[in-house]
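These notes are about the structure you will find just below.
The values are calculated or read from the model by the stated rules, or taken from the named source; none is laboratory data. Note that the coordinates shown come from a computational prediction; the quantities given were computed from them, not determined experimentally. Positions of Cβ are generated from backbone atoms using ideal geometry, with glycine treated the same way; all protein chains shown enter the neighbour counts. Calculation scope for accessible area: heavy atoms of the full protein, side chains included, ligands and nucleic acids excluded. Shrake-Rupley method; radii C 1.70, N 1.55, O 1.52, S 1.80 Å.
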Amino acid sequence: MTLIDETTSAPTGGPALAQVRRVTTPLPGPRSAEILARKSDAVAAGVAHSMPVSVVAAGGGVVVDADGNSLIDLGSGIAVTTVGNAHPKVAAAVAAQAAQFTHTCFMVSPYESYVEVAEALNRLTPGDFAKKSALFNSGAEAVENAIKIARKHTGRQAVVAFDHGYHGRTNLTMALTAKSMPYKSGFGPFAPEVYRVPGSYPLRDGLTGPEAAARAITLIEKQIGAGNLAAVIIEPIQGEGGFIVPADGFLDAIVEWSRANDVVFIADEVQTGFARTGAMFASEIFGIEPDLITTAKGIAAGLPLAGVTGRAEIMDAAHAGGLGGTYGGNPIACAAALAAIDAFENDGLIERARQIGEILFARLNDIRENDPRIGEVRGHGAMVAAEFVNPETGEPDAALTAAVAKACVAEGVIVLTCGTFGNVIRFLPPLSIGDDLLGEGLDVVAAALAGA
Ligand code: PLZ
């Protein structure tokens, strides 16, 4: 089987895979089925998967499986391969670094690429003030460290997170994450001093941004007390919770209140960061300058890397040796990040995210006009979702959502669901996808909805 088709290469990034949807077997095909059977024997049951295939290659806008099926990728491995899978610049940087040295542990003997990634993060994140960064392995680890830093800086313990928030699967981040199934159920007890308040969910709460902020702030002041609060953490657009875009004026009011009360405002941009929303960081869309920003996912095109970036005086609160980890800022991951950041900055990817957003919004709103089961289309840039509802009652329709996703999967289109109520399909295509393939993917979604 040849994976290379010289006639139709991806617009940017990835091995030159034919940019076509091609499903020649039921999914999974025989070879994938064999591997998935071994998976269920060898891999813990808790590690589930949504696409019944075993992958052999990916690039541009496609993922190719072991049976030669070519699937349209509308998920980017959950918002990770934003620059494109196996992007040539990233692949070359990784190979070169692997041949040079694979690890020293930055806490033992440092190297320049880690410093360069920190410099890039300090430069690219919003806020015209002195910043510093620290690197880790995963989004959850970045969030944990942001909380550690905020506690050390303030000398306070309490942390506020929001309804529908998602921050990870480690013990502290499970406590911060709102949704029980599948993330938390049976895994407690959870870390103490974590409090949850309602945020802003315009479709469901009907509040303006300032009203939603006032509701949250009153609860914080009455139930926790500003003087006990180290940090507020929020995703500027909530990802796993349903691509919830807060009403105008919500985030800035929370930032303003935090600043007035010496509470560290942490923006979790693990999912929204790095061009995904049509801005380098989603905080820019809302005009906010967070004290700390957590990043991961898109930063390194699939290599495990995460960061905490923010005001130098806060970042420096932890004592020498207080932050770290064996692999944090691994040199291969840093090489990948520098190549990805080069692509974000120099290959027009922010503009591309906006174009993809226009295509997604136009098509999904078009479907919605004739189908009231789509209650709302929302998002920014290449981070867009459709929320499915019962048209009579407005209640979430998780069964319809699951049926649409299942039909898309069977037709060779990778879509992801999300939402506290499981009634949202989210679109997170790699920015290397071509317009035609994106359009074809949306045709499949439209047909799946019509048939559901
Ligand atoms: N913060 C905002 O979106 C990860 C979770 C997938 P890690 N989201 C995908 C799953 O089911 O595990 C995420 C996020 C935000 C933190 C995280 C956690 O990032 O790299 O998965 O630890």
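Things worth noting here:
- Residue check, A58 among the aliphatic types (A, V, I, L, M) and open to solvent by 80 Å² or more (accessible area, probe 1.4 Å): no
- Filter pass, F361 being within 21 Å of the chain's Cα centre (by Cα) and over 17 Å from V445 (Cα atoms): no
- Residues that are closer than 28 Å to D435 by Cβ and within 20 Å of the chain's Cα centre (by Cα) are absent from region 308-328.
- Selection within region 163-187 - more than 16 Å from E144 (Cα to Cα) and more than 12 Å from the ligand (Cβ to nearest atom): D163, S180, S185, G186, F187
- Of all residues in region 296-324 being touching a Leu at 6+ places or on another chain (Cβ under 9 Å) and closer than 20 Å to H153 by Cα, the one that is surrounded by the fewest Cβ atoms within 10 Å (Cβ to Cβ): R311
- Whenever a residue of region 28-41 is under 19 Å from A410 (Cβ atoms), its partners that are part of a helix (DSSP H, G or I) and open to solvent by less than 40 Å² (accessible area, probe 1.4 Å), lying with C-beta atoms within less than 7 angstrom and at least six residues away or across chains, give the pairs P28/L36.
- Count of region 143-162 residues which are open to solvent by less than 40 Å² (accessible area, probe 1.4 Å), more than 15 Å from the ligand (Cβ to nearest atom) and under 24 Å from C334 (Cβ atoms): 1
- Any pair with Cβ under 6 angstrom, 6 or more apart, that starts in region 98-126 at a residue that is within 25 Å of F344 (Cβ to Cβ) and in contact (Cβ under 8 Å) with a residue 60 or more places away in the chain and ends at one that is among the small types (G, A, S) and part of a helix (DSSP H, G or I): S113/A335; V117/A337; P126/S283
- The single residue among F286, F344, F388 that is within 16 Å of the ligand (Cβ to nearest atom), of a type in the set (F, W, Y) and crowded, with 18+ Cβ neighbours inside 10 Å turns out to be F286.
- Every residue from region 118-142 that is open to solvent by less than 50 Å² (accessible area, probe 1.4 Å), away from the ligand (no atom under 16 Å from the Cβ) and more than 17 Å from D316 (Cβ to Cβ): A120, L124, P126
- Filter result for S50 (under 19 Å from the mean Cα position of the chain (by Cα) and open to solvent by less than 50 Å² (accessible area, probe 1.4 Å)): no
- Of the helices (runs of 4 or more DSSP H) lying entirely inside region 163-252, the ones with 3 or more residues being open to solvent by less than 60 Å² (accessible area, probe 1.4 Å) and over 22 Å from F286 (Cβ atoms) are found at 171-176.
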